[in-house]
Amino acid sequence: MSTDASAETSTETVTKTTAETTDEAQQATPVRKFRPRGERGPLASVGLHVTLLIAAAVAVLPPLWLLVTSFKPQSEAFSTALVKDFTVANYDHVLNDTHFLSWLANSLLVVGLTTVIGVFISATTGYAVSRFKFPGMRPLMWLLLITQMFPVAVLIVPLYNLLASLGLLNQPVGLVITYLTIAVPFCAWMMKGYFDTVPVEIDEAGRVDGLNPFGTFWRLIVPLAKPGLAVTGFYSFITGWAEVAYASAFMTGEENLTLAGGLQTFVNQYTSDWGSLTAAAVIVAVPAAVIFGFAQRHLVSGLTAGATKS
């Protein structure tokens, strides 16, 4: 009995000693804390905020300085100081002494037609490729994609010759056709990806109710595709509103220019009217900002849907 008791006592002593040694080792070894996924450290957070501030300054400073310069006299256009002698003479000159209103009317006509026609063609093309199988479908999609690979400088000469042979130079219609060649291929691809996210059962339900394919598209699918249509419309609008190369090459005569081409008349090899240029640029930016304000709530969802299944 005494031998068994001694053995048990020895075992308990060894176990206790081992436990104490383990506790001391754990206390001596620092516990390494792992940061949960998605949680940033202090340095990373500071770096991120500094980067965002720099990016915001880079994005905001040019348009802000453009706005400030538009209210400066011509003699202070290159001054780094803020406005000392506030003036609206630049805006008065642009609106009353130039062809700016004619440029605005030309741009609104061209951009309006480009947007409406571009959205319709892109939507119908994207829906047809998404829902129907027909000979030449894949080559058609590749053709739309390949047209986006050519730079503007390469296309100006052949497009100029083509429009000249058709008698469409210096005509808004010629500029609309040119802009459609830019907007439609990209927008058709994007709308195809968006229509892929719309369940096919909706089309089948429309056919059961007696709708033809276009009726199904117009009455059932289009109302569900507002985000995609908003992105398409915005891209078509920006294509015509901000494009310079084609507008300058295909339109001549100050009264026939669009806004993008007209702005170049303020600063060229003969004149340097920076005040009028900045004032005109501010006015030009207003419609684009308004359109973006109406479309921005659809832009993210439309672009995301068009990118996930195309």
Next item on the list: Return the total of residues in the range 170-181 being open to solvent by 40 Å² or more (accessible area, probe 1.4 Å) and either over 30 Å from the mean Cα position of the chain (by Cα) or among the small types (Gly, Ala, Ser) (or both).
Entry: 0
Note to self: Please return the ranges of helices (runs of 4 or more DSSP H) entirely within the range 1-102 where 1 or more residues are modelled with pLDDT under 55, outside the structural domain of Val282 (by TED's automatic domain parsing) and closer than 30 Å to Glu255 by Cβ.
What the structure shows: none
Note to self: Taking the condition of being without any contact (Cβ under 8 Å) to a residue 40 or more places away in the chain and among the β-branched types (Val, Ile, Thr), how many residues in the range 235-264 meet it?
What the structure shows: 1
Item checked: Residues that are over 25 Å from Gln74 (Cβ atoms), modelled with pLDDT of 85 or more and surrounded by fewer than 24 Cβ atoms within 10 Å (Cβ to Cβ), drawn from the range 236-249 -> Phe237, Ile238, Thr239, Trp241, Glu243, Ala245, Ala249
Note to self: Condition check: outside any helix (DSSP H, G or I) and among the polar types (S, T, N, Q). Does Ser107 satisfy that?
What the structure shows: no
Notebook entry, point to check: Out of the residues in the range 69-101 that are of a type in the set (A, V, I, L, M) and under 19 Å from Thr265 (Cα atoms), which is surrounded by the fewest Cβ atoms within 10 Å (Cβ to Cβ)?
Noted result: Leu101
Margin query: So in the range 258-287, with the set limited to residues that are open to solvent by 10 Å² or more (accessible area, probe 1.4 Å) and touching a Phe, Trp or Tyr at 6+ places or on another chain (Cβ under 6 Å), which one is modelled with the lowest pLDDT?
Written below: Asp273
Next item on the list: Test Pro199 against the stated conditions and say whether it is within 23 Å of the chain's Cα centre (by Cα) and exposed (fewer than 14 other Cβ atoms within 10 Å of the Cβ).
Entry: no
Next item on the list: Can you run down the residue pairs with Cβ atoms below 6 Å, 6 or more apart or on separate chains, where the first is in the range 204-217 and under 15 Å from Ala128 (Cβ atoms) and the partner is among the small types (Gly, Ala, Ser)?
Entry: Thr216/Gly206
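The values are calculated or read from the model by the stated rules, or taken from the named source; none is laboratory data. All figures in this text were calculated on a predicted structure; none of them were measured in a lab. Neighbour counts run over all protein chains shown; Cβ positions are idealised from the backbone, glycine included. Keep in mind that these areas ignore ligands, DNA and RNA; they rest on the heavy atoms of the full protein, side chains included. Shrake-Rupley method; radii C 1.70, N 1.55, O 1.52, S 1.80 Å.
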